[in-house]
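The values are calculated or read from the model by the stated rules, or taken from the named source; none is laboratory data. This is a predicted model, so every value here is computed, not measured. Cβ coordinates were reconstructed from backbone atoms using ideal geometry, including for glycine residues, and neighbour counts include every protein chain displayed. For accessibility, only protein heavy atoms count, side chains too; no ligands or nucleic acids. Shrake-Rupley method; radii C 1.70, N 1.55, O 1.52, S 1.80 Å.
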Protein chains: 2
Amino acid sequence: MNRKQRSEYSTIPKSSPIRVGFIGLSSSKGWAVKTHYQAILQLSSQFQITALYNKKIDSSIATIRDLKLTNAVAYPTLESFASSSNVDMVVFSVRTASYFDLLLPLLEYSRANCNLKYLFMEWGLVYSVKEMETVFHAASERGLQTIISLQGRKSPYIIRSKELIEEGHIGDINSIEVTGNGGWYGYERPLKSPSYLYEVSKGVDLVTTSFAHTIDLLQYITGSYFGVINAMVFNNIPEQELVDEFGRKLGKTVPKTVPDHLLFQGTLLKSNVPVSCSFKGGSPTKKFTKNLVIDIHGTKGDLKLEGDAGFIEISNLVLYYRGVKVNEFPNKKGQVIYEESFGDEVTEVFHLRNYNAMVGNIYRLYESIADFHFNSKNIPDLPSTFVMQGFEYEGFPTLMDGLILCRLIESVYKSSSLGATLNVSNISRYQ
Amino acid sequence: MNRKQRSEYSTIPKSSPIRVGFIGLSSSKGWAVKTHYQAILQLSSQFQITALYNKKIDSSIATIRDLKLTNAVAYPTLESFASSSNVDMVVFSVRTASYFDLLLPLLEYSRANCNLKYLFMEWGLVYSVKEMETVFHAASERGLQTIISLQGRKSPYIIRSKELIEEGHIGDINSIEVTGNGGWYGYERPLKSPSYLYEVSKGVDLVTTSFAHTIDLLQYITGSYFGVINAMVFNNIPEQELVDEFGRKLGKTVPKTVPDHLLFQGTLLKSNVPVSCSFKGGSPTKKFTKNLVIDIHGTKGDLKLEGDAGFIEISNLVLYYRGVKVNEFPNKKGQVIYEESFGDEVTEVFHLRNYNAMVGNIYRLYESIADFHFNSKNIPDLPSTFVMQGFEYEGFPTLMDGLILCRLIESVYKSSSLGATLNVSNISRYQ
């Protein structure tokens with residue numbers, strides 16, 4: 001199967017689209033309406049929003065009205081929402097500490113809905129490894145196919161990077177450096193910014209967002225988990241200055257408990273490649289480098305990924321390649337063969353000028369769910385569920401992929417607090 | 001005293017220059033003739049070569065003839081060389097494993113030379129911390145002023161960086177990243193390259209040269225030693241391919257035991273600043289970044305130092321600054337005062353296009369010895385010896401500065417082999 005093949009039927013209306021039930025979609029504010037909803041709008045042949053649940057039913061009703069969700073019903077309770085057989089996929093996009101508290105009841109109530117097949121969750125909210133394992137078991141036991149929103153894996157820049165590496169265009173990787181700036185975990189706090197962004201263990205911090213998304217993508221494009229790691233987590237800015245929407249200081253400080261710096265270094269399991277990583281919060285942003293830089297050095301070439309913000313999963317990027325390309329040619333069976341060449345170095349710059357990465361990556365994630373559900377690419381013997389994506393092009397990240405990443409994050413904190421270099425080569429084991 | 005003041009008398013011939021005895025100066029090959037000798041040539045009013053010792057006296061005689069060292073005597077034995085009272089400063093520049101074996105006898109024999117005041121040693125040869133402490137005690141007991149060739153401290157780029165930081169132009173430092181490529185510790189070995197470069201514990205490797213010089217300079221310009229560190233030392237390329245002088249492969253491999261990668265991260269003692277560091281050996285060199293990059297981020301500005309090779313002490317560099325400069329103005333006493341400003345950001349690029357760093361930094365080191373010896377800057381109550389330079393502009397690095405660096409290197413290896421984050425805050429203690 002050629003991974004460059006487009007979804008064959010993606011623009012043909014489906015007679016039975018995937019019916020989506022949303023927890024946390026509000027037309028008035030939040031992440032879901034800016035991303036998930038925009039993605040579904042563009043995939044209206046494959047997805048249809050049929051159910052909404054919010055803590056206040058008025059919010060659901062207003063959302064149905066504002067967004068003209070003519071097929072959707074507002075449910076008054078989690079139980080009625082979860083047990084409705086009018087839903088094939090639950091999208092769970094609640095950005096509060098009640099995330100975990102809602103999930104287990106949802107799964108329990110959903111036993112009454114025999115049509116439910118997919119559970120789509122955000123990455124990096126209040127999960128500890130233990131909580132994540134609990135949800136993993138509950139979802140497995142329910143027979144659900146999980147999707148976790150590590151959407152950067154669908155970024156065209158990430159996929160192109162992965163291809164350039166796998167096809168041998170940079171030779172053997174021998175060194176990797178990553179730097180990022182997650183600006184908002186720094187000296188200043190906008191008055192309107194939600195406080196959970198600045199409280200440790202709320203799940204949305206420099207380590208669990210900026211770093212975690214980036215390191216997941218680094219593992220994905222190199223096709224390797226980590227062997228040993230060492231980390232140092234800093235909170236060098238325990239107080240933030242409140243600023244208004246114009247950035248003016250309001251003369252008041254508030255405590256901050258989330259980290260503002262992470263140092264991380266380690267080795268990839270594959271070929272013992274050294275990886276150096278520095279994530280910084282706080283203004284000013286960097287003046288001579290981009291706020292996100294990934295340098296991957298190989299024996300035949302180099303890759304560089306750059307972005308304007310240390311949030312790789314929602315940033316438009318630029319991909320630079322320079323090296324001696326290997327030859328690609330089809331063999332008799334029509335497969336593509338790669339063979340070492342000794343030609344001149346070439347440079348490739350890949351950039352989609354108007355790519356809206358915040359919507360685009362989520363859109364491609366939904367697209368891959370549709371491809372799986374409808375088997376758009378006609379993959380023979382496609383299984384009805386899969387446990388994890390791992391480093392495959394096809395499919396989408398699952399709760400198991402998220403769990404492995406969650407274990408790495410836990411190891412980061414453990415390494416930092418113990419002052420130890422840790423062997424993490426077993427965290428990618430199934431279970 | 002204004003550190004920007006030039007040496008007032010530096011071009012006036014001295015009636016009694018510092019008489020230099022050289023161990024390891026050969027006109028036919030080696031480091032000393034390309035660097036020390038060139039520096040002394042330019043400081044002929046302050047230094048005069050009066051004595052030479054090489055293992056073979058013929059080499060010394062030929063060197064005296066070739067370089068027209070009309071005041072120099074070739075000594076047949078280490079004892080006769082060391083005990084000659086015609087020498088004020090011994091320069092010890094032997095690049096072999098016999099370095100330590102020669103040093104202690106030299107110091108012992110030199111008791112017969114009551115004029116001997118200075119002992120100038122190369123950095124980073126066969127010293128373990130224990131050996132270095134032994135030499136330190138022997139030299140102290142002899143009352144000698146030591147100089148160690150951490151010559152990058154005299155680089156104009158390093159001094160300018162130090163000034164920009166100390167005067168407050170980047171505000172408080174909050175993050176530092178360092179990457180380097182010491183290319184020759186990699187996949188290929190030139191046939192004519194000496195084998196001690198590729199054997200671990202010979203003292204001239206990626207950790208003891210590329211990394212050590214760089215980290216010494218980072219400490220010097222920030223004015224801070226390290227608090228905690230973690231390191232991982234790699235030998236991912238245990239075999240090198242022999243190549244001829246044109247880079248053609250000769251079809252033969254040789255073993256390599258020196259490291260080809262170092263990951264290092266830690267905190268500066270001052271303000272707990274996170275520092276991330278990745279040093280790589282091996283071709284190809286980096287395609288999208290310079291082979292030496294130091295990024296220092298502050299609350300008001302950024303500094304970037306770049307060089308073409310991961311050998312900062314002998315490389316010409318470029319220094320970039322961008323930030324909000326503080327105001328400088330003289331007070332009533334004529335001193336310069338620095339005061340916070342709220343102006344616009346400015347950019348400063350500092351580059352001396354034809355600066356020969358290999359000679360230039362050593363030259364400035366010799367100049368600083370002359371400044372000390374002749375008190376060229378008329379410093380009141382200048383002591384006759386000093387134990388260490390530390391982070392001062394004046395003076396020069398001593399064996400004590402070298403010993404502190406040597407302890408850091410030992411901690412790097414210890415951290416790597418133990419798999420531990422180490423507290424190194426006490427290695428800069430005197431003794």
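Which residues, counting only those in segment B:269-290, are away from chain A (no Cβ under 11 Å) and in contact (Cβ under 8 Å) with a residue 40 or more places away in the chain?
The answer is B:Leu269, B:Lys270.
Tell me, which residue of segment B:226-244 that is aliphatic (A, V, I, L, M) and open to solvent by less than 20 Å² (accessible area, probe 1.4 Å) is farthest from the other protein chains (Cβ to nearest Cβ)?
B:Leu242
Taking the criterion of being crowded, with 17+ Cβ neighbours inside 10 Å, of a type in the set (Asp, Glu) and over 16 Å from A:Leu305 (Cβ atoms), would at least one residue in segment A:201-209 satisfy it?
Checked against the condition, which is being crowded, with 17+ Cβ neighbours inside 10 Å, of a type in the set (Asp, Glu) and over 16 Å from A:Leu305 (Cβ atoms), segment A:201-209 yields at least one hit.
Could you pull out the residue among A:Gly223, A:Gly247 that is at positive phi, modelled with pLDDT under 95 and either open to solvent by less than 60 Å² (accessible area, probe 1.4 Å) or within 20 Å of the chain's Cα centre (by Cα) (or both)?
Residue meeting the stated conditions: A:Gly247.
Can you find a residue that is within 17 Å of A:Ser155 (Cα to Cα) and away from every other protein chain (no Cβ under 14 Å) anywhere in segment A:378-389?
Checking segment A:378-389: at least one residue is within 17 Å of A:Ser155 (Cα to Cα) and away from every other protein chain (no Cβ under 14 Å).
In segment B:341-364, how many residues are within 27 Å of B:Gly30 (Cα to Cα) and out of contact with any Ser or Thr (no Cβ under 7 Å at 6 or more places or on another chain)?
Looking only at that region, the number is 8.
Tell me which of these B:Met388 doesn't satisfy, since it passes every other one: (1) open to solvent by 50 Å² or more (accessible area, probe 1.4 Å); (2) touching a Lys or Arg at 6+ places or on another chain (Cβ under 6 Å); (3) closer than 30 Å to B:Ile40 by Cβ.
(2) is the only condition that B:Met388 fails.
Which of the residues belonging to segment A:351-388 are under 14 Å from A:Ser315 (Cα atoms), assigned to a loop (DSSP other than H, G, I, E, B) and in contact (Cβ under 8 Å) with a residue 12 or more places away in the chain?
Once the filter is applied, which keeps residues that are under 14 Å from A:Ser315 (Cα atoms), assigned to a loop (DSSP other than H, G, I, E, B) and in contact (Cβ under 8 Å) with a residue 12 or more places away in the chain, segment A:351-388 yields A:His351, A:Leu352, A:Tyr355, A:Asn356.
For B:Tyr366, are the conditions met, namely being surrounded by 14 or more Cβ atoms within 10 Å (Cβ to Cβ), within 30 Å of A:Gly266 (Cα to Cα), among the aromatic types (Phe, Trp, Tyr) and not assigned by TED's automatic domain parsing to the domain that holds B:Leu262?
Criteria not met by B:Tyr366.
For the condition open to solvent by 30 Å² or more (accessible area, probe 1.4 Å), assigned by TED's automatic domain parsing to the domain that holds B:Gly310 and not basic (Lys, Arg), what is the one hit in B:Tyr198, B:Tyr187?
Testing whether each residue is open to solvent by 30 Å² or more (accessible area, probe 1.4 Å), assigned by TED's automatic domain parsing to the domain that holds B:Gly310 and not basic (Lys, Arg) leaves just B:Tyr187.
Only one of these is basic (Lys, Arg), out of contact with any Cys (no Cβ under 7 Å at 6 or more places or on another chain) and modelled with pLDDT of 95 or more: A:Arg364, A:Arg429, A:Arg353. Name it.
Within the list A:Arg364, A:Arg429, A:Arg353, the selection yields A:Arg364.
The rows are residues; the columns are (1) in the same structural domain as B:Ser195 (by TED's automatic domain parsing); (2) open to solvent by 20 Å² or more (accessible area, probe 1.4 Å); (3) not aliphatic (A, V, I, L, M).
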residue: B:His36; (1), (2), (3): no, no, yes
residue: B:Asp58; (1), (2), (3): no, yes, yes
residue: B:Lys68; (1), (2), (3): no, yes, yes
residue: B:Tyr75; (1), (2), (3): no, yes, yes
residue: B:Glu79; (1), (2), (3): no, yes, yes
residue: B:Val87; (1), (2), (3): no, no, no
residue: B:Arg95; (1), (2), (3): no, yes, yes
residue: B:Ser110; (1), (2), (3): no, no, yes
residue: B:Phe120; (1), (2), (3): no, no, yes
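What about A:Ala212, is it open to solvent by less than 40 Å² (accessible area, probe 1.4 Å), within 11 Å of chain B (Cβ to nearest Cβ) and in contact (Cβ under 8 Å) with a residue 24 or more places away in the chain?
In short, no.
With the structure loaded, tell me whether A:Gly124 is open to solvent by less than 40 Å² (accessible area, probe 1.4 Å), at pLDDT below 90 and at positive phi or whether it fails that test.
Yes: the conditions hold for A:Gly124.
Just to be sure I understand, how many residues within segment B:392-423 are under 19 Å from B:Trp123 (Cβ atoms), β-branched (Val, Ile, Thr) and within 14 Å of another protein chain (Cβ to nearest Cβ)?
1
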